[in-house]
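As structure tokens, the structure follows; a few thoughts come after it.
The values are calculated or read from the model by the stated rules, or taken from the named source; none is laboratory data. As the structure is a prediction and not an experimental result, all values here were calculated from the model. So basically every Cβ, Gly included, is an ideal-geometry build from the backbone, and we count neighbours across all protein chains shown. Just the protein is used for accessible areas: all its heavy atoms, side chains included, with ligands, DNA and RNA removed. Shrake-Rupley method; radii C 1.70, N 1.55, O 1.52, S 1.80 Å.
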Amino acid sequence: MTAPAQAPAPRGWRGISLAHKVPPPSGDYHWVYLWEWPIRTMHWLAGGSILVLAVTGLYIGKPYFVIGGDTSAHFLMGWMRAVHFGAAAVLVSTAIVRLYWLFAGNKFERWPALFPVRPRDWVNLVRQVKYYLLIQPERAPHYLGHNPLQQLSYTALYGVALLQVVTGFALYGQADPSGFFFRALGWVAPLFGGMPIVRFVHHVATWVFLSFIPIHVYLAMRADLLERGGAISSIISGGRFVPSGQRFIDE
Ligand code: HEM
């Protein structure tokens, strides 16, 4: 008797199947340690402070609720500003530690890991984009640390954070024209074309962060589900699982 014909694998849009990309739930995997504790701690501190800065900053720019009565009794705007500046201090502290760790960290955390400068990185950048867009998903490059697209987007986000710090302290300096920040950042307003534009840039950059967060969370969950390596827990534990036979571009 002949065996019944095998059912064809389920095919998705344009014949692309996502199912075959998911590695088996058990097999020969091993755990690799990537992110040391300063990186993980700074990640969560920076993430938390950015959320607080966005919530309080948007309130400062355009209060989205008010408390009636004498404003000096509840001092709501004063508290929003105080919390904004406290969170700004946390963010700047994380940036200082991150800067130090660009020299002291492991090879996945140092300067070169921030920039896709080698020709092979650009080839892999295109492959990575094609993987996310489901065009040639089978040709995705394998990296232990950040792939070139992650390198570019995280470095760009560091750039936006720097812009926020500079414009934020320039705004802060306005309160005291004899103070340190007013004098140290006097060049910022002329550079941008005036203080209203500095404020506008600070506001728009907030929306860059607020747009980045859901994309970042989505891609982390996607990697966790499709690669089965524990991508999300890697920013808590520091490591993730990889199939033992797999070669990596950055190993
Ligand atoms: C070191 C970092 C930062 C400093 C020193 C800083 C400082 C300031 C200052 C002084 C103001 C004006 C407050 C006032 O007029 O009373 C402000 C407004 C604001 N900040 Fe920040 N900030 C920083 C980072 C951030 C970050 C990371 C975000 C968003 C994620 C943010 C979002 C905002 C927003 C939305 C406003 C209101 C802008 C508007 O007027 O529409 N800030 N910030």
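In a fully extended conformation the segment linking Thr155 and Phe103 would gain 17.2 nm over its present Cα-Cα distance, using 0.36 nm per residue.
Taken as entire DSSP H runs, the helices of the chain that both span 18 Å or more between Cα atoms along their own long axis and average 0.0 or more on the Kyte-Doolittle scale are 37-61, 76-104, 148-173, 195-227. Each residue, Val123 and Ile236, gets one label point 7 Å from its Cα in the Cβ direction; the gap between the two is 3.9 nm. Solvent exposure of Met42, expressed as accessible area, is near 30 Å², computed with a probe of 1.4 Å over the protein chains only. Treating r as the C-beta distance of Ala220 and Ile60 and R0 as 35 Å, the FRET efficiency rounds to 0.70. Average accessible surface for segment 20-74: 64 Å² per residue, computed with a 1.4 Å probe over protein heavy atoms with every protein chain in place.
Taking the protein heavy atoms of segment 144-251 in the context of the full set of protein chains, the accessible area attributed to carbon and sulfur is 72 percent at 1.4 Å. Helix-only arithmetic for the chain: the sum of -39500 (n - 2.57) across DSSP H runs with n ≥ 4, divided by the residue total, places the mean residue ellipticity at 222 nm at -19000 deg cm²/dmol.
Projecting the Cα positions of Phe108, Trp37, Tyr172 onto the charge dipole of the chain (unit charges on Cβ atoms of Lys, Arg, Asp and Glu, taken about the Cα centre) puts Phe108 furthest along the positive direction. A probe of 1.4 angstrom, applied to the heavy atoms of all protein chains, finds Trp79 with accessible area near 150 square angstrom. Across all Cα atoms of the chain, the radius of gyration (one decimal) and Dmax (whole number) stand at 23.2, 94 Å. Taking the average, over residues, of other Cβ atoms within 10 Å as the packing measure, peptides 232-240, 212-220 rank 232-240, 212-220 from highest down. Accessible surface of Asp224, taken over heavy atoms with a 1.4 Å probe and every protein chain present, rounds to 40 Å².
Full-extension gain between Leu144 and Met77, please, as 0.36 nm times their residue separation minus the C-alpha to C-alpha distance.
My answer for the length gained is 19.6 nm.
In the full protein context, segment 127-251 carries 56 Å² of accessible surface per residue, based on a 1.4 Å probe and ignoring ligands, DNA and RNA.
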